[in-house]
Structures are given as structure tokens and as C-alpha cells.
Amino acid sequence: MFGNILTTLGFLSALVASLMYFFNFRGAKNTLGFARISFHLMATSTILASAFLLYLIVTHQFEYKYVYSYSDTSLPLGLLMSTFYAGQEGSFLLWALFTAVIGIFLQQYTAKRDDLEPRVMSIYCLVQTFLLLMITPMVKNPFALVWSEALFADARTIGSQFFNLPFLQNYFFSDNSTGQQFVKIDASLIGLLKSNGIALNEFIINGKGLNPLLQNFWMQIHPPVLFIGFAAMSVPFSFAFAALMKNEYVTWVKQSFPWLLFGSIILGLGIMLGGYWAYGVLGWGGYWAWDPVENSSLIPWIIGVAAIHTMLVQKKSSASGGIGGFAKTNLILSILAFVLVLYSTFLTRSGVLGDASVHSFVDPGYFAYLLLMIFMATFILLGGGLLIYRWSYLKEQTKPYENLLSREMALFTGAVTLGATAAVTFVGTSAPIIGRSVQISFYDEMNLPLAILIGLLNGFSLILKWKETQGQDIFKKSLFSLSAAVITTILFVILGVHDFMMILFAFGSAFSFFVNAEIAYKVFRGNFQKAGAYISHMGIALFFIGVIASAKYDSSVDVDLIKNQPAEALGYKMTFTGYQPTEDGKFSFNIDVEKDGKKYLVQPVMFYSDFNQGLMRNPDILQKWTRDFYISPISYEDGSQDKQSSSKTFEITRGETIKFGEAEILFVDYDFDESSRGNMMKGGEFSIGAKLEVKHYGKVYKVTPKFISIDGERKDFPVDIKDANLSITFASLSADKGKATLVVSPYTVEKLPVPVKQEILAVNASVKPFINLVWGGTIILTIGFIVSIVRRGKESKQ
């Protein structure tokens, strides 16, 4: 009840604050005080509601549905606190919390600047109104009690001393497929417990626990940073509205700019922290998979970065009079960046990507779905309407740039290129909504030419002068960078980069790096605070080079490691020496790795997860300055299995191809329609499979192995391809990792001599050259942004 009162009070206070600020902007002098009181009441309520939820979590109040669903008593404090945002309700509350905290600083910032406060805060509070509405008792309530809707609780989370109660026998249910027992908790059971003097928090002694994949240090940081970025992007959005409301466009860029820098770098950092988590935990060897859920947070970041570059032009050109160049572009991009944050939320929270992204098997309910649609539509209509209303005036006040050899045009071209990248990613990400999907190659092929152009413009724009540049000056100023970039590119070719487009990408990235490094060196000796942009550009150039090396030119191979028998792969000698259980109930597999006469111990982990009802695998990485040696476990056989079948198990992502014998097997898509998803959630009959294309000696076979679950009983429907001598079984779908598991074996099994029983650890080993440039580039990019934020923050006070 207390939590519900706080969230409801916060929602109503945000609504009142927004209205009072707006009335003050419209001339009502006596509403500013009410607006400020309401705003601080909203912020206080939101902070208290967050603190209360955290208290419920750390004190194991399992009578609350959210606490029961995502935590348990075994979690250490750090992970226990991270369950705050493990579910939809908590993550919305976290977003609202950061919006409230940032709002406190924003209110102080705007209150010192003429009439900025009512204009900015009226919009900002409206954003918070929608966020808090999402977690009120009638929508996604984090304070709902466990019996508010009938819940099937795992019997292991119920005190066993109550199992003999006669009335409880009517509430026991079993899952025949897993053998698990459940207790149905609803209002009638609560009544019976009360009548027998049994408190609910004594009856439920544990929670369901946290998804094992989220039990990682980086997942304690990644979501909060991402949500700070989401909250921060609403600030430049509010500034753009404020400018349109007053029809004043000279000062807003200077005031909004440091906030845009802050929102963009925090959002970008949050995205890359998620990439680092994926690389170190998920075991698929990469940091970016173009999953729609990943893409949806990348798109607003790209738009935010584009806005940074065109805002620089407006800020510079407005100094000589007028509202400056690209004012319309800046307003559109500032509004669009936050609208795309909302769109990202809609994609990940509405369940519309259920068929396309295995991260998004979530049904929020019709009302929440409708609210998300209204949330987006409101700000699209308000922003679009204001822009149309002011368009004629804006058009009169801005003059087109005609000099192509100017920094203004280069920055604008860069923003357009970034916009094109965002558009490509948006189209691919949104395709599943209309029942289509794109392959990963779509993003790679479409974005690579744009990335080359971005790399070149990163350097070229800084060689050009503001307003106009003479042709001979361009060559003179770029001579060093061009020479260094050519030499670097030649080195890349010698090292093995032979793809023409990748050579161009390497040249563009190297050119950008040397141009910025040359200028940064000069700036360092003068005013360090002016070096932020150049540091950031150097960071993104290094990031690009790291992507080229680690993603395009990595090497990977599957290896069966027989215990105590060395095996060579990718220049490394590996010896599997055994395994031991860990303190948290997992199994750590010991692999001695030898390279250049040095020995290392690598310990990937496998374990069975009750939470996911499947085998989980965590990689281990031998990290060196120039490359990572990445070992991801696939399977373990203790020697007792029958080797006659020669079958092999593969984990495979959509768009990936595996080889078995002479056959190539491409995982095209899941066969998991909406009807089956709905039935699965209801516990009814459903089927799930994998659409595959099998190539074998020029012939292509399209097959779909699947299984059907009827009343909890599983029935497999493998496919046999006699001509290719293949039998393929769809074993499982790992929703968290986005992979399907296939068991592939020869259709015709040859009788082999009975082998000596041996322990075998199957692993995927890969080498990731220069992947540290990806992480190092991100850190340098962040440092550059911080330097720029300090500089632009001081300028906003002038």
C-alpha cells in the first residue's frame, strides 16, 4: 500500500507540476510556486518509492510479486540490489528515479536563466508523468502482492512444514515435462492461510531468483547507466520544445548543448557496457549481434551524435547574428532523439519483437501496450505540430549554405551520414513489426559504406575552415595525415586486410585518427579544454579499427578436447585437465593453454540452470594487449555416452552457418508463430522449430526440425536428409542468448569399434585480434565527451 501511495502521489504531482509550469509560461504569475512544490513532491515520492522497493528486495519480502519473481536469498548484496531493475516494473521505476534526480539539477539550472524554467520543466514533467503512470497500481505495479493475480509458485520456495496441510493439497500442480511441482497462490489460498494463522511471509520462504545470465558484475552497471542515458536525453528534447514555445532560437543551443553531450555519452557508454557484458558472459564471442533490442538503443544515440555536430554549426554561426545555421535540423534531431528512446522502449517492452528478438518474449498487457503507444504518439504530435507551426519563421531566419568547402557543410554532411546509418538500422529493426526480418548481413553491407564516409568526414571536417577554405590549404593541412593513413593502411594490407571495402574503412579510420591527433597535440599545449572533440574523434577512430580487426578478421574453430591429450588450434596448444565444482554450484573446466613457451590456465564454466531449465555456458578469455584468446564451452561428455552415433551439438544464432561433414547448415529463422507463443505462455500446446537451409554438393534443402509440447509432454520431429546423410533435431531455444541448439548426426550410422571411454570437452576457440582497441576507443571517446561537457557547461553560463 505504501509503495502504491508513493507512485500514485508522484504521478499526480508530476502532472500538476507540468500544468502549473505551463500556466506560468502562459502568463499566470501565481502558479510558479505551486509548480515547484509539485515538482519537488514528485521527486521526493519517486525517490522514496525507489528506496522502498530496494528495502523490500534486500529484506526478502517475498509476499510482493516483483520481489518473489526476480530475487532469492542466495544472491549476494550487489546482485540482490540489481534485481531492482530485472523486470519491467522495476526498470520503469529506475528510469523515473533518474529522471527525477536529473530533474532536480535541471530545475536549478533553468531557474537561473530568465524564463527558461517554466518552458523546459513543463515538458520535462510531462515526460515524468508518463513514466510514473506506467508504474501506478493500474498498469505495471512493482508493489503488487503475490496473490493479486493467480501465481504458480515453485514448491521449493514454499515452507515444507506446510505441505501436509489438508487444504493445500487442492493447490498443488505438477509439470509432467520437468517433474516440477507448483503451488497456486491466489486470494482463496491467502484466505485459508489467514484463517489458519499463517503469515504469507512465513509461507513463502524464497523467491524464484535472478536469471543466471544477469548474475554478472557488468549487469549491475549496464542497465543503470543506460537508463541514466534515457533520462538525460529528455533534457535536450525539453529544451527544443522550450525554444519552439517561445519562438526563440539564439540562446537555446548554448543552454542545451552540455545536456545533449551528457545524454549522448552516457547512453553510448551504457550501450557499450552491454556489449562488454555480452562478450564476457554470453559466450557467442562478440559484443554486437544487431539484435533488434540492441539496435533500438543505438538509433537514438546516433541521432544524438548527429545533433551535436549540427548544433556546433548553429552555435558558431549565430555568433555573427541571427539564429544561426541548421536551426530546423537541430530542433528536429533533438526531438527525434528522445522520441526514438520512446520507440526503443516500445519495441523492447511491448512484445512486438517476440518473434524477432529472443530478448523480448514479453507481453506487457494490452493497457500497458496502449499507454506506450499514447506516450510516443503524444510527443510525436506535439513536436511535429510545433515544428509545423513555427516552420515559416524558421525558414525565413535560416539561410542555406552554398560553400561546399566549409566546415559547416562538412559537419552537416557528417550529420546526414549519421542519419542515414540510423535510418538503415531503424528499417532493419522495425521490419519484424510488419512480419519481415532482415539478416545480419543487411546491417553490415548497408552500414559499411556509411562508416567509411563517417571516418573520412571525421578528419576532413577539421581540416576545413569555418565559412570557406581554399583548395591548396586542404592539401597542405592534410599532407601529414594522408601520408600516415596511407602507411597505416598498407600495414593493414600486409597483415591480411584484403577486402577492398575494409581497406577503405581502415584508411578512413586511420585518416580520422591522425588528423585529430595532430590537432589535439597542438591544442594540448594551449587550452586542454578545447581538445574534447579531437579526443572523442580519436576514440571513435580507434574503435573503428578495433571493429575491423576483431570482427572481420577473427578466427574461430570447434575443438574436441580429450582429457590430458594436447590439441593444437589457431597457434595455441590446449590441454583439458579436468573440472571441479565452484562455490555457487557451477562447474569450472580447466584448460592449460600454451603459447610462445608460456602457460596459462583458462576456466570456462558450464552449469544447469533451474531458472532457465537448460544448460548455461560462460566463456573464459585469455586477454593480451594485441589479441584475446576466447574459449567458449559447448558440451562435456564424461565417457559414459555411446559414441556410435557420432552426433554433434551446435548452438547457432540466426543467420549463422555451421558445417557438419560436407554439409553447410544455415539457421534462417525461428518457426515460432504468435499462436504458439501465446499458448506457451498459457501452458497450452505449442510448437517451436528452426527454419534451416542445408547446402550439400550444390543442392539446397529447406527443412524445419521442431518439437511439439502437448500437456507438458515433448514430442520431437527431427528431419532426415538421406542424400546429404544428415539427421537434424531441434533441441532447444536459449531465449537469453538468442541461440537455437541443434543436434546433427549422420543419417546412416556406421558401426564403429567400441572406443575406450574418454572424457571430452567440446569448446569453440577463437582469436580476437586488437579487440582492446574497441574498449580503449570507447574509454577515449568518453574522456573526450567529459572534457567537452566541462567546456560547454562553462560557456552556457556566459
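The values are calculated or read from the model by the stated rules, or taken from the named source; none is laboratory data. These numbers were taken from a predicted model, which means no experiment stands behind them. Here the Cβ is made from the backbone with ideal geometry for all residues, glycine too, and neighbour counts use every protein chain on show. To get the accessible areas, we keep the full protein, side chains included, count just its heavy atoms, and leave off ligands, DNA and RNA. Shrake-Rupley method; radii C 1.70, N 1.55, O 1.52, S 1.80 Å.
Descriptive notes on the structure:
- Cβ-Cβ distances below 6 Å connect the following pairs, each with a first residue in segment 229-242 that is more than 12 Å from Val339 (Cβ to Cβ) and among the polar types (S, T, N, Q), a second residue that is in a helix (DSSP H, G or I) and open to solvent by 10 Å² or more (accessible area, probe 1.4 Å), and a separation of six or more residues or different chains: Ser238/Ile123.
- Criterion violated by Tyr249 - all others in (1) more than 30 Å from Pro633 (Cβ to Cβ); (2) open to solvent by less than 10 Å² (accessible area, probe 1.4 Å); (3) assigned to a helix (DSSP H, G or I) satisfied: (3)
- From Ser437, Ser478, Ser483, residue being of a type in the set (Ser, Thr, Tyr), in a helix (DSSP H, G or I) and open to solvent by 20 Å² or more (accessible area, probe 1.4 Å): Ser483
- Considering each residue of segment 180-188 in turn, at least one proves to be in contact (Cβ under 8 Å) with a residue 24 or more places away in the chain, surrounded by 14 or more Cβ atoms within 10 Å (Cβ to Cβ), of a type in the set (Phe, Trp, Tyr) and under 27 Å from Ile710 (Cβ atoms).
- Scanning segment 466-475 turns up one or more residues that are hydrophobic (A, V, I, L, M, F, W, C), open to solvent by 80 Å² or more (accessible area, probe 1.4 Å), over 17 Å from Ala307 (Cβ atoms) and in a helix (DSSP H, G or I).
- Consider segment 1-40 and keep the residues that are among the aromatic types (Phe, Trp, Tyr) and under 34 Å from the mean Cα position of the chain (by Cα). The one that is nearest to Thr136 (Cα to Cα) is Phe11.
- Each residue in segment 371-407 was checked for being open to solvent by 90 Å² or more (accessible area, probe 1.4 Å), touching a residue at least 24 places away in the same chain (Cβ under 8 Å) and not in a helix (DSSP H, G or I), and 1 of them qualify.
- Selection within segment 408-422 - open to solvent by less than 50 Å² (accessible area, probe 1.4 Å) and of a type in the set (A, V, I, L, M): Met409, Ala410, Leu411, Ala415, Leu418, Ala420, Ala422
- Those residues of segment 497-514 which are surrounded by fewer than 18 Cβ atoms within 10 Å (Cβ to Cβ) and either in contact with a helix residue (DSSP H, G or I) (Cβ under 8 Å, 6 or more places away or on another chain) or closer than 18 Å to Leu464 by Cα (or both), in sequence order: Asp499, Met501, Ile503
- All positions within segment 551-586 that are β-branched (Val, Ile, Thr) and part of a strand (DSSP E or B): Val557, Val559, Ile562, Thr575, Thr577
- Looking only at segment 515-532, residues that are surrounded by 23 or more Cβ atoms within 10 Å (Cβ to Cβ) and at pLDDT 90 or above come to 2 in all.
Here is a yes/no grid of residues against (1) touching a strand residue (DSSP E or B) at 6+ places or on another chain (Cβ under 9 Å); (2) closer than 30 Å to Pro604 by Cβ; (3) in a helix (DSSP H, G or I); (4) among the hydrophobic types (A, V, I, L, M, F, W, C):
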position	(1), (2), (3), (4)
Ile228	no, no, yes, yes
Phe237	no, no, yes, yes
Phe241	no, no, yes, yes
Val253	no, no, yes, yes
Leu267	no, no, yes, yes
Gly280	yes, yes, yes, no
Val293	no, yes, yes, yes
Gln314	no, no, yes, no
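- Any hit, segment 297-304, residues being among the small types (Gly, Ala, Ser) and surrounded by fewer than 24 Cβ atoms within 10 Å (Cβ to Cβ): yes
- Flag for Leu342 being assigned to a helix (DSSP H, G or I), of a type outside the set (Lys, Arg), modelled with pLDDT of 80 or more and open to solvent by 10 Å² or more (accessible area, probe 1.4 Å): no
- Scanning segment 582-602 for residues that are open to solvent by 70 Å² or more (accessible area, probe 1.4 Å), at pLDDT 80 or above, under 31 Å from the mean Cα position of the chain (by Cα) and not hydrophobic (A, V, I, L, M, F, W, C) yields a count of 0.
- Within segment 37-62, residues that are open to solvent by 10 Å² or more (accessible area, probe 1.4 Å) reach partners that are in a loop (DSSP other than H, G, I, E, B) with beta carbons closer than 7 Å, at six or more positions or on different chains, in the pairs His60/Thr73.
- Residues being at pLDDT below 85 and closer than 25 Å to Ala231 by Cα are represented in segment 371-394 by at least one member.
- Restricting segment 356-370 to residues that are open to solvent by 70 Å² or more (accessible area, probe 1.4 Å) and modelled with pLDDT under 65, the residue that is nearest to Val668 (Cα to Cα) is His359.
- Selection count, segment 543-580, where residues are open to solvent by less than 40 Å² (accessible area, probe 1.4 Å) and among the hydroxyl-bearing types (Ser, Thr, Tyr): 3
Each row is one residue, and each column tells you yes or no for (1) basic (Lys, Arg); (2) closer than 22 Å to Ser555 by Cβ; (3) assigned to a strand (DSSP E or B).
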site	(1), (2), (3)
Phe589	no, yes, yes
Asp592	no, yes, yes
Lys599	yes, yes, yes
Arg617	yes, yes, yes
Ile621	no, yes, yes
Asp628	no, yes, yes
Tyr636	no, no, yes
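- Applying the criterion of being β-branched (Val, Ile, Thr) and under 16 Å from Lys65 (Cα atoms) to the residues of segment 142-179, the residue that is surrounded by the most Cβ atoms within 10 Å (Cβ to Cβ) is Val146.
- Residue check for Gly285: modelled with pLDDT under 90, open to solvent by less than 20 Å² (accessible area, probe 1.4 Å) and either over 30 Å from Thr157 (Cα atoms) or charged (D, E, K, R) (or both): yes
- Which numbered condition Ile494 fails, given (1) touching a residue at least 24 places away in the same chain (Cβ under 8 Å); (2) closer than 30 Å to Ser441 by Cβ; (3) open to solvent by 30 Å² or more (accessible area, probe 1.4 Å): (1)
- Condition check for Ile540: within 12 Å of Phe629 (Cβ to Cβ) and either open to solvent by 40 Å² or more (accessible area, probe 1.4 Å) or not in a loop (DSSP other than H, G, I, E, B) (or both): no
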